[in-house]
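Structure record follows, encoded as structure tokens.
The values are calculated or read from the model by the stated rules, or taken from the named source; none is laboratory data. This is a predicted model, so every value here is computed, not measured. We place every Cβ from the backbone using ideal geometry, glycine too, and count neighbours over all the protein chains shown. Please note that ligands, DNA and RNA were not included when accessible areas were found on the heavy atoms of the full protein model with its side chains. Shrake-Rupley method; radii C 1.70, N 1.55, O 1.52, S 1.80 Å.
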Amino acid sequence: MDTAFSQGTLCVQGGYTPRVGEPRIPPIVQSTTYRYDDLEQLHRLMTLQEFGFKYSRTGNPTVSAFEQRVNLLEGGVAAVATASGQAANALVMTNLLHAGDHVVAAATLYGGSFSLLHNTLPKFGISTSFFNPEAPAEEIARLFRPNTRVLFGETIGNPGLNILDFDKLAGLSRRFDVPFVVDNTLASPVLCNPFRHGAHIVTHSASKYMDGHGTSIGGVVVEGGGYAWDKGKFPDFTEPDESYGGVRYAQDFPQSPFIIKARAHMLRDFGACLNPQNAFLFTVGLETLPLRLEAHSRNALALAEFLSAREEVSWVNYPGLSVPGRERLGRYFNQPWGGGVLTFGLRGDFAAINRFVKRLKLTTLAVHVGDARTYVLHPASTTHAQLDEAQLALAGISRDMIRVSLGIETTADILADFAQALSAKE
């Protein structure tokens, strides 16, 4: 489909054009394997001389339709889907890094991403330096080393809700010649397209806003096409891959070497592929993404304003209200919406927070964001429980923080639920 179409149209029709007599929506191809008549053709597929579906671990028609739709929405050159958002970030790191390499990452990351970088990758000889994304560029620059190979951050930090200063970080990416990787989950391609602001690779947990209904786990990685992989820092892209007959990814596939290698090598070897049923549900979910995000954002702004006036609440953080959040929304976002997640501080100790959560009736305590229902969570004791006090502070997480993922229920009902939970007497 022509990328000149608006995002709302691409969400509905992008990535799949049926021929006469074919299903109007991408069908579920529930098959592990595919039929061929010719050994020579199958050999060409297995050695990357030709592309097609050979085994659903590395490609499936239903999954491909989802990948193409997300790629169009992000404005990339190619995409590959994975079994989860965590698998998407892990695939990026394993596709780029070797033992002895180094990552520079924002400290305001989802807990699973922080753990991957801080706890797991060091076991493979890969280290990470974390930075406060609001720090001056020169302070962050001091973290870069000759062996730094990735700069990583989230468009909207989870749960810190900081919006990345793309200009600052893209400048550091160019200065030190490392790919800038951005997890765009909480913004989604409807709100922000990081490739427009200097990113080279974008990841998503499709389980969140792309699904939108809390049904499916999956992820996706998109390549932007703006990084030169042939400068010597990434020999895996320039040296022959003997497992595919000596293919040189940067030379043989100059349009999308990162994604070709990620699919052909990493997805093949680690196997964290997306299943067709979930891909189908994600593709359907994308159809209503712009409509839902407007509703999520409207409810989040209304709740943020409501909580700001409550004496039981000590602070509220929402990108549409905070500074520099508003300024960055105007500079980097496609829509004047702050997204569907906010955080606030409740006066009192952990027991008081627990009592408040238990009093909520419409709102659910759940380890999730981005679907049609409203959820709350206490990050310090759950998703980020593995962080010590210094790490929590650097990530922007306080012990009194409650994260709220706003659904698309009627606004008045959400506000009434929070009002009764805050007002209830012991």
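Here are some notes:
- Rounded to 10°, Cα long-axis angle of helix 350-359 versus longest principal axis of the chain: 80
- Partners for Lys123 among lysines (Cα-Cα distance below 30 Å; same-chain residues under 8 apart left out): Lys208, Lys231, Lys233, Lys261
- Here the calculated FRET efficiency for Ser129 and Tyr55, from their Cβ-Cβ distance with R0 = 41 Å, stands at 0.60, rounded to the nearest 0.05.
- Debye intensity ratio I(q)/I(0), log10, the range 111-241, q values 0.10, 0.13, 0.18, 0.20 Å⁻¹ (C-alpha model): -0.35, -0.59, -1.13, -1.36
- Taken per residue, the accessible surface of the chain reaches 41 Å², heavy atoms only and a 1.4 Å probe.
- For the chain, carbon and sulfur atoms together expose 54% of the accessible surface, with a 1.4 angstrom probe and every protein chain in place.
- Both the radius of gyration and Dmax for the range 330-426 are 14.5, 46 Å, in that order, over alpha-carbon atoms.
- Gaussian network model of the chain, Cα within-10 Å springs - most flexible of Ala141, Ala262, Ala390: Ala390
- Counting only alpha carbon atoms, the long axis of helix 61-74 and the longest principal axis of the chain meet at about 60°.
- Compared with the alpha-carbon gap, the fully stretched path from Arg347 to Ser423 is longer by 26.1 nm at 0.36 nm per residue.
- Short-range pairs are left out: with C-alpha atoms under 8 Å and at least six residues apart, the relative contact order of the chain is 17 percent.
- For the chain, a crude dipole built from +1 on the beta carbon of Lys and Arg and -1 on the beta carbon of Asp and Glu, taken about the Cα centre, is about 400 debye to the nearest 20.
- CD proxy at 222 nm, helix term only [per DSSP H run n ≥ 4: -39500 (n - 2.57); per residue of the chain; nearest 500]: -9500 deg cm²/dmol
- Length gained on full extension, Thr382 to Leu365: 5.0 nm, using 0.36 nm per residue less the C-alpha separation.
- Dipole of the range 279-371, positive direction: furthest Cα of Gly339, Ile353, Val284, with charges on the beta-carbon: Ile353
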